[in-house]
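Colleague: The structure follows.
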Amino acid sequence: MSTLNIAVLPGDGIGPEITEQAIAVLRRLESQGHFSLNLEDAPVGGAGYRAMGHPLPPETLALAKASDAILFGSVGDFSLDTLPRELRPEQAILGLRKDLELFANLRPAFVLPELVDASTLKAEIVSGMDILIIRELTGDVYFGKPRGIRHLENGDREGFDTMVYNESEIRRIGRVAFEAARKRGRRLCSVDKANVLETTQLWRNVMTELAGDYSDVELSHIYVDNAAMQLLKNPKQFDVMVTGNMFGDILSDEASMLTGSIGMLPSASLDANNKGLYEPIHGSAPDIAGQDKANPLATILSAAMMLRYSFGLESSALAIEQAVSKVLGLGYATADIQRPGAKMVGTQAMGAAVVEALG
Ligand code: IPM
Ligand code: MG
């Protein structure tokens, strides 16, 4: 039986309570003989700063590097927002992505039948929607240099960042996207702003060149502003979308809201060898932290993605996904996904229900 070496980085806010539930789910599968677990914890984000003076302490980074996969809660702590940028909690996740070269971010946005009415959009618009957003995660204006705030001779201050992508960065994320489309509906939509930005003109050119290697996948291109509109108008037109770091950040939040709750959606951030960091796409929700109110399902579903992508354990991943569907089918709901007739539960009871549903 394989041993899964997983670094657990719970982080801030609701991070610890939701990762605890995901671990309970993994432990149940372990007890059923799916695999054996070797879990190690380390502080990250605001918790890292408080414990060791840095959002990504060297020990935490070393543990993340030595593990086969990382289960990540969330980072963010308003009370630390006045620190210099390099010490703010968000730097932990940016540092992990960059240092571990986790360039491929997979963000599925799907509407489970049980939650159709949780969306703010009409049921007929979102019912059955199933999009995979693939966001490039280690380049673009997030990491481009130079960047800063400078003082001009006339006394004005000027803020500047650099949007930059080289051809190989675009090609490697493009390949991930074409491969993913192959395993799904074979339609790939590349999102850019090629009508204005040179960087994304190159993006479009490289995607078009790559299409030659994937004649079984239908490639289309869309400008990011139109993509934002089309996601609201008719989200079901999309299968796989691929885009850069900045546009992907924004569009994935938009897409998540179509599904009713950001509390449902998992994500995977992969390197070239499928080592990955798995995290819910929501944030640390400090307003409800420690109150047993957070929805643990996005983290539980992130653990399922981990089993699938980093460990190739498809049937274990499916077992978790089916258990989540079952629990929703039984009517269980945390506050963010409440609906008429639902059985309202807290974080722990929701996790326990999934464990129970695993049999
Ligand atoms: C995300 C988050 C991060 C990002 C923040 C926390 C730095 O919004 O994962 O989408 O901008 O990438
Ligand atoms: Mg974001």
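What follows draws every value from the coordinates through simple rules; no lab data is involved. Worth saying up front: this structure is predicted, and the values here are computed from it rather than measured. Note that each Cβ is placed from the backbone with ideal geometry, even for glycine, and that neighbours are counted across all protein chains shown.
Colleague: Can you give the three extents of the C-alpha atoms in the chain along their principal axes, from longest to shortest, in whole Å?
Modeller: Result for the chain: principal-axis Cα extents of 62, 49, 42 Å.
Colleague: Roughly speaking, what is the centre-to-centre gap between the stretch 278-321 and the stretch 128-206 when only Cα atoms are used, to the nearest Å?
Modeller: Centre-to-centre (Cα) distance: 26 Å.
Colleague: What is the percent of Cα-Cα separations in the stretch 220-359 that go past 17 Å?
Modeller: 65 percent
Colleague: Would you mind listing how long the stretch 76-148 runs along its three principal axes, going by Cα atoms, in whole Å with the largest first?
Modeller: Computed over the Cα atoms, the extents are 46, 29, 21 Å.
Colleague: If you don't mind, there's one more thing I want to ask. What residue among 252, 67, 267 shows peak mean-square fluctuation when the chain is described by a Gaussian network model with Cα springs under 10 Å?
Modeller: Judging by the Gaussian network model, the answer is 67.
Colleague: Then there's this: In vacuum, with every alpha carbon of the stretch 1-109 counted as one equal point scatterer, what does the Debye formula give for log10 I(q)/I(0) at q = 0.22 Å⁻¹? Two decimals, please.
Modeller: Result of the Debye calculation: -1.20.
Colleague: While we're looking at this one, here's another question. Hey, what's the Cα Rg ratio for the stretch 197-237 versus the globular rule of thumb, 2.2 N^0.38 Å?
Modeller: Scaled against compact globular proteins, the figure is 1.36.
Colleague: Working from the alpha-carbon coordinates of the stretch 190-296, get Rg over Rh, Rh being the Kirkwood radius.
Modeller: With Rg and the Kirkwood Rh in hand, the quotient comes to 1.03.
Colleague: Need one number: convex hull volume per residue for the stretch 135-237, Cα atoms only, in Å³.
Modeller: Dividing the Cα hull volume of the stretch 135-237 by its residue count gives 121 Å³.
Colleague: Above 14 angstrom, tally the Cα pairs of the stretch 291-359 and express them as a % of all pairs, no decimals.
Modeller: Values: 1323 of 2346 pairs.
Everything past 14 Å amounts to 56 percent.
Colleague: Could you give the nm distance between label points at residue 149 and residue 330, where each point is 7 Å from its Cα heading toward the beta carbon?
Modeller: So the two model labels end up 5.1 nm from each other.
Colleague: Once the stretch 128-184 is represented by equal point scatterers at the alpha-carbon sites, with solvent omitted, what log10 I(q)/I(0) does the Debye formula produce at q = 0.16, 0.28, 0.29 Å⁻¹?
Modeller: -0.65, -1.09, -1.12
Colleague: Quick check: net charge around residue 103, other residues with Cβ under 15 Å of its Cβ, Lys/Arg +1 and Asp/Glu -1?
Modeller: Around residue 103, the charge tally is -1.
Colleague: Can you run phi through the Karplus equation (6.51, -1.76, 1.60; θ = phi - 60°) for the stretch 89-98 and list ³J(HN,Hα) in whole Hz, with x for Gly and Pro?
Modeller: Once θ is set to phi - 60°, the couplings for the stretch 89-98 become x, 4, 4, 5, 6, 5, x, 4, 4, 6 Hz.
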